[in-house]
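Reviewing the structure listed below.
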Amino acid sequence: MAASAAAQAPGDRLERGDAVIQNLNKGQAQPALERMRQEFPFLATATQSYALGEVWSRPGLDSRTRQLAAVAALAATGDMAFLKIHAGYALNLGVSEDELKEIVYTVTVLAGFPRAIAASQTLSALFAERPAGLESRQ
């Protein structure tokens, strides 16, 4: 019986990962993950099952808090492509543009002005791309 439960676990993780994507992306597929699925199917499946199905679906943090943590980490490490994706998710979950700006201000202290400036430019581009009404402007 334990073997059959273990055999089902990867599928369960994929389903949980898909549920996370649907929640973060307002019921839509994640374009970067779908592109990855075309050329790097193993990496896409691993991302969906582990990163999303195991880590992102853990009950310890709500989705909003998890996205704020991701935005801060990505800004601090200088990963602007993923910062843009996760900041978009944060906006989808009700985080305001002003809250994202506060994350950038904090990054100046912890990771330096160059990383914060790069993050501010990425967020400015994201804010400009989103249709009116999708973000919370304060």
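The values are calculated or read from the model by the stated rules, or taken from the named source; none is laboratory data. Since the model is a prediction, treat every value here as computed from it, not as a measurement. Here Cβ is always computed from backbone atoms with ideal geometry, including for glycine, and neighbour counts include all displayed protein chains.
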Open item on the list: Please list, ordered by residue number, the helices (runs of 4 or more DSSP H) wholly in region 1-104 having 3 or more residues that are farther than 15 Å from LEU126 by Cβ.
Closed with: 2-24, 31-39, 41-46, 63-77
TODO: Could you please let me know if ILE117 is surrounded by 14 or more Cβ atoms within 10 Å (Cβ to Cβ), assigned to a helix (DSSP H, G or I) and not hydroxyl-bearing (Ser, Thr, Tyr)?
DONE: no
Task: Qualifying positions in region 16-40 - loosely packed, with under 13 Cβ neighbours inside 10 Å and of a type in the set (Asp, Glu) - done: GLU34, GLU39
Task: Failed item in (1) farther than 24 Å from ILE21 by Cα; (2) modelled with pLDDT under 95, with PRO131 passing the rest - done: (1)
